[in-house]
1. Assuming A:Ala184 fulfils every condition listed in (1) within 25 Å of A:Ala44 (Cβ to Cβ); (2) part of a helix (DSSP H, G or I) apart from one, which condition is it?
2. Enumerate the pairs (first residue in the range A:68-83 and under 17 Å from A:Gly355 (Cβ atoms); second residue anywhere and assigned to a strand (DSSP E or B) and open to solvent by less than 10 Å² (accessible area, probe 1.4 Å)) with beta-carbon separation below 8 Å, excluding pairs fewer than 6 apart on the same chain, so at least 6 apart or on different chains.
3. Could you list, in sequence order, all residues of the range A:218-238 that are touching a residue at least 12 places away in the same chain (Cβ under 8 Å), crowded, with 24+ Cβ neighbours inside 10 Å and within 14 Å of chain B (Cβ to nearest Cβ)?
4. B:Ala184 versus (1) away from chain A (no Cβ under 14 Å); (2) closer than 23 Å to B:Pro157 by Cβ; (3) surrounded by 24 or more Cβ atoms within 10 Å (Cβ to Cβ): which is the lone unmet condition?
5. In the set A:Leu294, A:Leu323, which member is hydrophobic (A, V, I, L, M, F, W, C) and modelled with pLDDT under 75?
6. Can you find a residue that is open to solvent by 10 Å² or more (accessible area, probe 1.4 Å), out of contact with any Pro (no Cβ under 6 Å at 6 or more places or on another chain) and of a type in the set (D, E, K, R) anywhere in the range A:67-81?
7. Taking the range B:215-234, which residues are polar (S, T, N, Q) and either touching an Asp or Glu at 6+ places or on another chain (Cβ under 9 Å) or part of a strand (DSSP E or B) (or both)?
Protein chains: 2
Amino acid sequence: MGPVTYRRLMARFETAEAAIEALPEIARTGGRQAPPSVPSRREAAQEVERVQALGGRMVFAGDADYPPLLALLPDPPPALSILGDMAALRGRGVGVVGARNASANGQRMAEALATDLAAQELVVVSGLARGIDAAAHRGALHVGLTVAAVAGGLDQPYPPEHAGLQAEIAARGAVITEAPFGTAPQSRHFPRRNRLIAGLSLGLVVVEAAPRSGSLITARLAQEANREIFAVPGSPLDQRCRGTNDLIRQGAHLTESAEDVLANLPDDPRRLGLARAPLFAREHGQGFGDDIPLWDDPADTEIDIGAAQTNIMGLLSPSPTDLDDLVRRSGLPAAAVSAALMHLELALRVEFMPGNRVCRV
Amino acid sequence: MGPVTYRRLMARFETAEAAIEALPEIARTGGRQAPPSVPSRREAAQEVERVQALGGRMVFAGDADYPPLLALLPDPPPALSILGDMAALRGRGVGVVGARNASANGQRMAEALATDLAAQELVVVSGLARGIDAAAHRGALHVGLTVAAVAGGLDQPYPPEHAGLQAEIAARGAVITEAPFGTAPQSRHFPRRNRLIAGLSLGLVVVEAAPRSGSLITARLAQEANREIFAVPGSPLDQRCRGTNDLIRQGAHLTESAEDVLANLPDDPRRLGLARAPLFAREHGQGFGDDIPLWDDPADTEIDIGAAQTNIMGLLSPSPTDLDDLVRRSGLPAAAVSAALMHLELALRVEFMPGNRVCRV
């Protein structure tokens, strides 16, 4: 179950127990015969124990020590597994990300930026990947705190040659993931890792990025969460700079040094403003926390939920579709689309994607 | 005599003969005993003949074939010496300038940009210098027209190793200067050369430029003339990219290819809008051609021209001073400062500089 549906279920049923009890009926309305499998209490406890055995801990949405910048997201990850110093997740985070096949100069730039940012008490957040990510973590480790957001389980460092780096980061900062213990990272896990990087950061610096690369997706997620975007310019002759140059063209802060970042970061995370809710917020012109109905029980309304589902499934494809666009094309009220998608997600027929999009499974 | 004073004298006296006749009296009011030396009719004719002997010609402000983009300047150069094809000076010019000590990649970029721009019927304008300038001329020569604006006389190619390049440009485009025949270029001649590049261009592309370099002065002159500014981004680790990155930060179009330039050039030079007049236009909120008095004869007004001159000379130094600032600090009406400066210039006691500035001689 994705974080959007999680948030909606909790808003509707208030306790996890009540939500779990209601699931089979909701899934059935969504067109699924067998109820979705919910881990047992014992399985959940086992997950917590495994993380603890590794020296880590699990943190849940609503917990007092849930990372505050992540909590500002409209759909905060429900469960996090964390190794290391929880304090690192309460600091003023700055993401530093970029190409895996980075140039030597790009890596030097990322390392110097990270060192200078960490020296100013900022927490450098990155994704443990080869190239820019590793350079950023290493630059920060010398002088301050760094956080690695990873795609797989805490016991599955990736890439394997960064196992030592992950251990260093856990010892002097923190490693964080949404993935359950034992998850070997696959490409489909990276969008969530990218969302963690964006969500843990007041601003995101992209050092080298080719067009259509993962770092640009992270930048879009950060922008959607109202975080500041920074990009280091580079020669147009190098493909790895085309993405960052394009970010600057679109309004990212042109970044040559840590000063350029510091001058444009909000002092107080609350100044970020609330991110817009991922569902229908643009239409209503409201942010998360305003009184957009989080849940519309079909029984409470005039909506024919079955017809809405058929309508929506006809519009969706395996490529992600923008939710606003879906509402417009469906001709249905936003509340009807919202309710229908909820049932469809629990029936495993659709999947919510980062960036306010949904696709057919 | 500078172009500002030339324009004012012509506006006041209508014919060159009347202006020349009035000069001794004006200069005397400015505090100079001997009248300024005016070239004789014979000397002027000799200058024209020398340029013609080299295969070139002289063109004067107001002539039918005076370069139309230069004519849009608030203070068009009164006299130009030109070698080559006059048609090149009537085309849609684009300046391509940058560092003399350019990187190999910077030169490659300039050459490729110039080739692509020339292939689109644009005339590539540059300054014949080493590095970016030469690469831009060479890139354009393959496929279209290019114009070299130079600091010295037409018979004094500079740098000397570009004598062959200047000859090629004269054969397939044009070479243009404000300097009299025989002038060996010195550093004080380059601001006028830079103003020619800016004035002959609808837009100016800066490829590599260190902070406080001459290319940035050209960019400022182009901006003051309402021309579009383009800059190629580069690594912050290279000093030669700091100036261009800074231009982008200030609003220049980030430029990776000729398409970025073409997309942001006005189709019609008249869309440039009139450049603001170099004297006092900001204060009046008016452009050149509006009814700002071009000349205030002290006899016509209540102004004590002698006191104004003393006041102004006390405020000036050999470093250029902004004219608006001078008016503010003098406490005098703009018209009084304008009249006093005119007399002082003709007395060779002050000099007007590009960029709306004046200095003590």
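1. (2)
2. A:Leu70/A:Leu80
3. A:Phe230, A:Ala231, A:Val232, A:Pro233, A:Gly234
4. The number of the failed condition is (3).
5. Numbers: A:Leu323 fails: modelled with pLDDT under 75.
None of the other options fit; the residue is A:Leu294.
6. Within the range A:67-81, not a single residue is open to solvent by 10 Å² or more (accessible area, probe 1.4 Å), out of contact with any Pro (no Cβ under 6 Å at 6 or more places or on another chain) and of a type in the set (D, E, K, R).
7. Filtering the range B:215-234 down to residues polar (S, T, N, Q) leaves B:215, B:218, B:223, B:226.
B:Ser215 - this is the single residue of the range B:215-234 that is polar (S, T, N, Q) and either touching an Asp or Glu at 6+ places or on another chain (Cβ under 9 Å) or part of a strand (DSSP E or B) (or both).
Conditions (1) within 14 Å of chain A (Cβ to nearest Cβ); (2) outside any helix (DSSP H, G or I); (3) at pLDDT 95 or above, marked per residue:
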residue	(1), (2), (3)
B:Pro76	no, yes, no
B:Ile82	no, yes, yes
B:Gly93	no, yes, yes
B:Asn101	no, yes, no
B:Asn105	yes, no, no
B:Met109	yes, no, yes
B:Ala114	no, no, yes
B:Leu117	no, no, yes
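The values are calculated or read from the model by the stated rules, or taken from the named source; none is laboratory data. What you see is a predicted model, and the numbers here were worked out from it, not measured in a lab. Quick reminder, even Gly has a Cβ in these numbers, built from the backbone with ideal geometry, and neighbours come from all protein chains shown. Side chains are part of the model used for accessible areas, which takes the heavy atoms of the whole protein and leaves out ligands, DNA and RNA. Shrake-Rupley method; radii C 1.70, N 1.55, O 1.52, S 1.80 Å.
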